[in-house]
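Undergrad: If you scroll down you'll find the structure; I have some questions about it.
The values are calculated or read from the model by the stated rules, or taken from the named source; none is laboratory data. Predicted model, so just to flag it, every value in this text is computed and none were measured. We place every Cβ from the backbone using ideal geometry, glycine too, and count neighbours over all the protein chains shown.
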Amino acid sequence: MVNRDKAPSAQETFSQMAKASGLRGRLLTTIGLLVLIRLGIYIPVPGIDRLAFAEAIANNPALSFLDLFSGGGLRSLGIFALGIIPFINASIIIQLLTAAIPSLERLQKEEGEAGRRKIGQITRYVALGWAVVQSTMLTIGLLRPFAQGFGPQFVIETVLALTAGAMFVMWVSELLTERGVGNGASLVIFLNIVATLPQSMGASFEQLQTGNREFVTGFVILLLMFLAIVVGIVFVEEGARRIPIVSARRQVGRNQMSMERTSYLPLKLNQGGVMPIIFASAVLTLPAILQQVFGTNAEVAGALAKFNSSLIARDIFYFILILFFSYFYATLVVQPEDMSKNLKKMGASIPGVRPGNATTAYISKVMNRLTLLGALFLSLVAIVPTAVESATKVTTFRGFGATSLLILVGVAIQTAKQVQTYVISQRYEGMVNK
């Protein structure tokens, strides 16, 4: 008999994946939909010199990162070149507006499932509009020199193809969330990063075979750093501050009192998971796209080019974005005032803290400190490897390896936890049937 409180072992997890029809169906659906997304990368948009375009974006770090998120779709100019980026940008816009517009905030907090469906529908419309804007900017700003017969017809056809591809990827990501395992948007990004890793590492392995001592030393240092980052990511993703909670004594009979119970309120060190760094990375690609769009304006294009070429400026901007989205996402996930009210309704309290406003202030204080630590860790993971790559001259991951690694490890942990949740539910169903 499996202990119901024990976390499922690897053997039990794989056994349930093979035997349980519900979990097996979700896994097969997830794999099938991810394969379908990869196939769309290789359906080309006609009328473009792809080889010349791939060479042009190879030396642009921001566009290379956008290509990483699209799984090579931007470089090959497939119909899924925009990938999941419009949907992510739309989610950023809606979440910012939700905090600023009371009607959207009421939909999210007070309308329950119906309100969340309404916000999801609004997000889809915003994603459609943003996909049209991005595909138009991409077509006019980037593809003009590489188009075979650039004109209104080419612009309309290309914009329609790229927008339809982005909407299809968004639809598949929602199917993944609903009928598969894990978060659909995160899994799409996970797949795209994994698909580009062999090509990113191929050049480095070729250089390793030459036996260049300086390169080998730099590669070993970079590899050890990435291993340390993996360990740090796992600790941070699993780290949490457990705030003790004491339930009040209750009278059961005339002379009996229930025992005082002690439990914990867990607050994660990194509430947003991989989403703050995904959002920050998506915003970081905008200056490179705007540089191409304003190419005719020498002053604007020159300022954007100077910013894109400045490693220090980009890192500072990246740090500010990660810090902002970490705090913003934490405020969406954790509501100290709601927690305080729920604790008061349950007759529970934090030892040494009075219920009500004092509890709200205490939870907010703890949450702000945890968010700051988590944001600093995310920033170090995203920025420090860039300096190491510059010092070692090993550009295997083009300065974005740690960001990609954080997304990979974070999504893998979240997906594994969801699989374990399904395994535990199957365990309880088996107990009920017995």
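Undergrad: Which one is nearest to residue 79 (Cα to Cα), of the residues in region 163-177 that are polar (S, T, N, Q) and buried (at least 21 other Cβ atoms within 10 Å of the Cβ)? Can you show your working first?
TA: Of the residues in region 163-177, the ones polar (S, T, N, Q) are 163, 173, 177.
Next cut, buried (at least 21 other Cβ atoms within 10 Å of the Cβ) only: 163, 173.
Details: 163: 8, 173: 16 Å.
Taking the candidates together, the pick is 163.
Undergrad: Right, next: When you check residue 105 against the structure, is it modelled with pLDDT under 75, acidic (Asp, Glu), more than 23 Å from residue 132 (Cβ to Cβ) and in a helix (DSSP H, G or I), yes or no? Steps first, answer last, please.
TA: Values: modelled with pLDDT under 75: no; acidic (Asp, Glu): yes; more than 23 Å from residue 132 (Cβ to Cβ): yes; in a helix (DSSP H, G or I): yes.
The answer is no for residue 105.
Undergrad: May I pose another question? For region 350-361, name all the residues that are farther than 15 Å from residue 266 by Cβ and either aromatic (Phe, Trp, Tyr) or not in a helix (DSSP H, G or I) (or both).
TA: As a first pass, look at region 350-361 and keep what is farther than 15 Å from residue 266 by Cβ: 351-361.
351, 352, 353, 354, 355, 356 - these are the residues of region 350-361 that are farther than 15 Å from residue 266 by Cβ and either aromatic (Phe, Trp, Tyr) or not in a helix (DSSP H, G or I) (or both).
Undergrad: In this structure, is residue 77 out of contact with any His (no Cβ under 6 Å at 6 or more places or on another chain), on the phi > 0 side of the Ramachandran plot, at pLDDT below 85 and hydrophobic (A, V, I, L, M, F, W, C)?
TA: The answer is yes for residue 77.
Undergrad: If I ask for residues that are surrounded by 14 or more Cβ atoms within 10 Å (Cβ to Cβ), assigned to a helix (DSSP H, G or I) and not hydroxyl-bearing (Ser, Thr, Tyr), which ones from region 338-349 would you list? Give the derivation first.
TA: In the first step, residues of region 338-349 are kept if they are surrounded by 14 or more Cβ atoms within 10 Å (Cβ to Cβ); the result is 339-341, 343, 348-349.
Subsequent filtering for residues that are assigned to a helix (DSSP H, G or I) retains 339-341, 343.
Passing the criteria: 339, 341, 343.
Here is a yes/no grid of residues against (1) surrounded by 16 or more Cβ atoms within 10 Å (Cβ to Cβ); (2) modelled with pLDDT of 85 or more; (3) within 23 Å of residue 56 (Cα to Cα); (4) of a type outside the set (A, V, I, L, M, F, W, C):
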site	(1), (2), (3), (4)
92	yes, no, no, no
126	yes, yes, no, no
138	yes, no, yes, no
146	yes, no, yes, no
157	no, yes, yes, yes
161	yes, yes, yes, no
183	yes, no, no, yes
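Undergrad: Only residues in region 214-227 that are aromatic (Phe, Trp, Tyr) count as the first member; pair them with residues that are assigned to a helix (DSSP H, G or I), Cβ under 6 angstrom, at least 6 apart or cross-chain, and list the lot.
TA: From residues that are aromatic (Phe, Trp, Tyr), the pairs are 215/207.
Undergrad: Could you say whether any residue in region 74-82 is small (Gly, Ala, Ser), surrounded by 14 or more Cβ atoms within 10 Å (Cβ to Cβ) and closer than 21 Å to residue 284 by Cβ? Spell out the reasoning first.
TA: Residues of region 74-82 small (Gly, Ala, Ser): 76, 78, 81.
The next check asks that each one be surrounded by 14 or more Cβ atoms within 10 Å (Cβ to Cβ); those that pass are 76, 78, 81.
Filter once more, keeping what is closer than 21 Å to residue 284 by Cβ: 81.
Yes, some residue in region 74-82 is small (Gly, Ala, Ser), surrounded by 14 or more Cβ atoms within 10 Å (Cβ to Cβ) and closer than 21 Å to residue 284 by Cβ.
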